[in-house]
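Have a look at the structure below, then the notes.
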Amino acid sequence: MNTPNPNERLRKLSLKERYAHLTRGLDWQPTYQDKKKIFPFTDYEGIKIHDWDAFEDPFRLTMDSYWKYQAEKERKLYAVIDSFAQNNGQMNISDARYINALKIFITAVSPLEYAAHRGFAHVGRHFEGVGPRIACQFQAIDELRHAQTQIHTISHFNKFFDGLHDPLHMYNRVWYLSVPKSFFEDAITAGPFEFLTAVSFSFEYVLTSLLFVPFMSGAAYNGDMATVTFGFSAQSDESRHMTLGLEIIKFMLQQDEGNVPIVQKWIDKWFWRGYRLLSIIAMMMDYMLPKKIMSWKEAWEMYFEQGGGALFNDLSRYGIRLPKYHEVAKAEKDHYSHQAWSTFYQYSHASAFHTWTPSEEEMTWFAEKYPASFNQLYRPRYDYWAKAEADGKRFYNNGLPQLCQVCQIPTFFTEPTDPTRISTRTKIYNGERFYFCSDGCHDIFEDEPEKYLQSWLPVHQILQGNCGGTTVPEVLDWYHLNQGADNFDYLGSPDEALWENWQSARKRVIAS
Amino acid sequence: MTSNVSITLQNTDDGRGIVAAIIADNPEAVVSTYPAMTKIDCPSRLIMNKTSIEQQLGREFDLHELNLTMVSISGNVDEDDDRLLLMWNV
C-alpha cells in the first residue's frame, strides 16, 4: 500500500530544482499577439538567440533567497549608518580632504546607479528568456537600492560639509559630470544586448572592481565606516551583477557564431568608454585618500592586467580577444591619475569639490609608486604651482577646454608613446570637424557618427549661451554651486575651517 | 598559462570563518589582507564547501549567505546546495 505517511515531510527541493521552477515553463507562448510586438527590441542589433532557456544564473538565486538576503543587507547597513551618525563618525575620518572624494561619488556615481536601475528595469521587461529577465529584474532593484543607500549615507556628511547639497541637479548640468552622464546615456540608448555588454560585462565585470574594491578599502582605512559599509553592501550585489555580465556574454557567444564579431565590437567600445570614465576614479584613489593603500597603477595591474587577463584568456575559446587599445591603457597607467588631478587643480574655481597640491609626503609616495613618471613629469608641475600659490599667484586656467566628442573629457591625455605631447584626433564628418582625446574615442565616433554628433558638450553649450549666462559666476549659479564654499582650494575653505575647529577641540580635551 | 580565480570577502566574523574554510579546502590559495577585506587568489579553480564553512562558523550555513560577505569575484561560478565553485575553463 502506498498510503502517504502524514508524518513524513516532503523532501526539500534542491537549489537546481528551485531555480528551474522559477525560470522554466512559467512563461507562455502568445497566440493572438505577434511575439515580435511583445519583444520589439531583441532582434535589431543582429544578435541571434536560438534557445533562451540555455541561459542559467550560476548562483541559481531564487526570489525567496533574494528578498531574505537583501533585507539582511539593508538591516546591517542601516544599523551602521545610524551608528555612524549617532556617534559623530564624521569627526573620526583621517582628514577632511577625504570628503571631496564623497562629493565626486554622490554627484558622479550615485546618479549612475539610478540610471542603471532604469536600464535594467527596461531590459528586464524586454528579454524574451525568463532566466535573463529575472536576473535583470533583481539587478534593477539592486541598483535602486544602491542609489538610495548612497544618498542616505552621504546625506549625513551634507550636514557638515559643502558641495553635497544638490547632486542630481549637478549631474545634469556640471561640466565634468557630463562624463559619467554621457557614458550611461550612451549605454541606455543602445539595444538590450549592447546595454548588458556595456554595463554588466565591460563596466561591472571588467572595470568596477577598481572603484568599489580598492577605493572602499581605502574609505575604511581613512575611517569612513559609513561609506565602506554602503560600498561593500553594493559590491555584494555586484558579484552577482558581474556574473550576469559574464554569463550573458558567454550566452551570446554560444548561441550563434555570427554574434562573435558584434560582441567583440561592443567589448572594444565599452572597455574604452569605461576606462576613460575611470580616470576620475584613478584620481580619487591616488590623490583623495589621505591614507593610501594601493596606487591606481597597482590597482590597474591587479584588476585589469591580471584579473582581466584571466577573463579574456578564458573567453579566447569563443574567439574573443582582449579589448582594442588595452595596451594604450597600460601605457597610460603611469600618468592617468596625475593628468586628471592636475586638470581639476587648474579648474578648481569651477568645480563642486576642493583641490590642493600634494604634500611632500604624498609626493614621496607617488615617486615610489610611479618611478617612471612622477619625479620626471609631475613633481616639477606641483612644485611650480605650490610656489605660485605661496607667492599669492595661485594658477587658474580661465580658458574653456576642448572636450572629446565621445567621452566628453577635456583633451588632456597625452600620446601613449610620448607623455609630453597632448593627444588629439580629429575627424571631418558632413563638413564639420570633431575632436577626440584618443584613437579609442575616434573609432567609437567613426562607427556611429550620427549618435555622437548629438552629444551635449558642456563647453559648447556654455559658448552657445545655454548654461545660465556668459560669465563663470552665472554658469556656476546655474549649476547650483555655492560659490566661495563649494569651489576653490581646500586650504581656506569652510570645510577646512570646520575640520580644524574639530581638531583643535580634540587637542584641548587631550591637553586638559 | 594558468589563470587565477579570485574571491574577495569582507573582514567580518562570518568572513573570517569563510576564509579559514577556503584555506583548508584549497591548498594553493594565496591570501592577501587589506583594510576591511581579504582577497584570495587560486590557480584555475577554487571551491567553497558548505560543510567546511559550517565547521568553521559552528552553525548551519546556506551558501546563498555568501551574498552578505562577498565583495568581488573573478571566474566562472557554479553553485549548488553543497558547494560554490569558481573556475576558469581553459
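The values are calculated or read from the model by the stated rules, or taken from the named source; none is laboratory data. Nothing here was measured: the structure is a model prediction, and the numbers come from that model. Heads up, the Cβs are rebuilt from the backbone with ideal geometry, glycines too, and the neighbour counts pull from every protein chain shown. Just so you know, the surface numbers come from the protein's heavy atoms only, side chains and all, with ligands and any DNA or RNA stripped out. Shrake-Rupley method; radii C 1.70, N 1.55, O 1.52, S 1.80 Å.
Structural remarks
- Of the residues in the range A:281-291, none is open to solvent by 10 Å² or more (accessible area, probe 1.4 Å) and among the β-branched types (V, I, T).
- Which listed residue, of A:S200, A:S182, is under 19 Å from the mean Cα position of the chain (by Cα) and under 30 Å from A:T23 (Cβ atoms): A:S200
- Residues satisfying the stated conditions in the range A:154-167, i.e. modelled with pLDDT of 95 or more and either under 18 Å from the mean Cα position of the chain (by Cα) or assigned to a loop (DSSP other than H, G, I, E, B) (or both): A:K159, A:F160, A:F161, A:D162, A:G163, A:L164, A:H165, A:D166, A:P167
- When the range A:309-327 is limited to residues that are out of contact with any strand residue (DSSP E or B) (no Cβ under 9 Å at 6 or more places or on another chain) and among the small types (G, A, S), the one that is farthest from A:P371 (Cα to Cα) turns out to be A:G319.
- Yes/no for A:P58 being outside any helix (DSSP H, G or I), within 30 Å of B:L66 (Cβ to Cβ) and open to solvent by less than 60 Å² (accessible area, probe 1.4 Å): yes
- Only one of A:M242, A:M252 that is among the aliphatic types (A, V, I, L, M), at the interface with another protein chain (Cβ under 9 Å from one of its Cβ atoms) and surrounded by 23 or more Cβ atoms within 10 Å (Cβ to Cβ): A:M242
- Residues of the range A:25-40 that are assigned to a loop (DSSP other than H, G, I, E, B) and open to solvent by less than 70 Å² (accessible area, probe 1.4 Å): A:D27, A:P30, A:F39, A:P40.
- Count of residues meeting criterion [open to solvent by less than 40 Å² (accessible area, probe 1.4 Å) and either assigned to a helix (DSSP H, G or I) or among the hydrophobic types (A, V, I, L, M, F, W, C) (or both)] in the range B:1-35: 11
- Identity of the residue in the range A:73-108, within 14 Å of chain B (Cβ to nearest Cβ) and in contact with a helix residue (DSSP H, G or I) (Cβ under 6 Å, 6 or more places away or on another chain), that ends up most open to solvent (accessible area, probe 1.4 Å): A:V80
- When the range B:45-90 is limited to residues that are open to solvent by 40 Å² or more (accessible area, probe 1.4 Å) and at the interface with chain A (Cβ under 7 Å from one of its Cβ atoms), the one that is nearest to A:A71 (Cα to Cα) turns out to be B:D81.
- Tabulated pairs, the range A:120-137, first over 18 Å from A:T62 (Cβ atoms) and assigned to a helix (DSSP H, G or I), second of a type in the set (A, V, I, L, M, F, W, C) and open to solvent by 20 Å² or more (accessible area, probe 1.4 Å), C-beta under 7 angstrom, 6+ apart or interchain: A:H126/A:F39; A:H126/A:F41
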